[in-house]
1. Give me the dipole magnitude in Debye, nearest 20, for the chain about the Cα centre, with unit charges on the beta carbon: positive for Lys and Arg, negative for Asp and Glu.
2. Test of understanding: given the chain, find the longest segment containing no chymotrypsin sites (Phe, Trp or Tyr not before Pro) that are in a DSSP loop and have at most 11 other Cβ atoms within 10 Å.
3. Report the extension gain between Ile126 and Thr56 in nm, rounded to one decimal, defined as 0.36 nm multiplied by the number of residues separating them, less their alpha carbon distance.
4. What span do the alpha-carbon atoms of the chain cover on each of the three principal axes, reported in whole Å from largest to smallest?
5. In deg cm²/dmol, rounded to 500, what helix-only [θ] at 222 nm does the chain give when every DSSP H run of at least 4 residues adds -39500 (n - 2.57) and the total is split over its residues?
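What follows is calculated from the coordinates using simple rules that are stated; it is not laboratory data. Since the structure is predicted, the reported quantities are computational estimates derived from the model, not experimental observations. Cβ: placed from backbone, ideal geometry, glycine included. Neighbour counts: every protein chain shown.
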Amino acid sequence: MGNDFISYRLQRANETILEVKILIDNKLWNTSINRMYYACFYAVSALLIKNGVAATSHSGVRQKFGQLFVQTGLMDRNLAKHFSELFEKRQKGDYNDFFDFDEQTVLDLYEPSVQFIKEINNLIKIN
């Protein structure tokens, strides 16, 4: 997997985070959380691929990201925690019946998600 795949994943991340704004405007809270997570996931997977790291699962992506970029200080810990928080919330929103996120929860997560993707883009440029 080369630069084309990295570019594709980054493009997906950037498009998906734009979709979230539309979902928020339409008050689709659980779907907003889902798409925020996936936007961040696409960005992290591009970063891993850029660095020659293969991960085959969501937990593998999170684990490798933590080892290679968070523990080494290349990625801000608070932003990294945001990615883990989105994962947990996405699981809850997608798989728990009768569970709905509220507007404030979603709005509080949106800007950190945008920032997370910006930071990943920056890491890809320098690595």
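1. In total the dipole reaches around 540 debye.
2. 1-97
3. 22.8 nm
4. The principal-axis extents, from largest down, are 40, 24, 24 Å.
5. Taking each H run of at least 4 residues, the total per residue is -26000 deg cm²/dmol.
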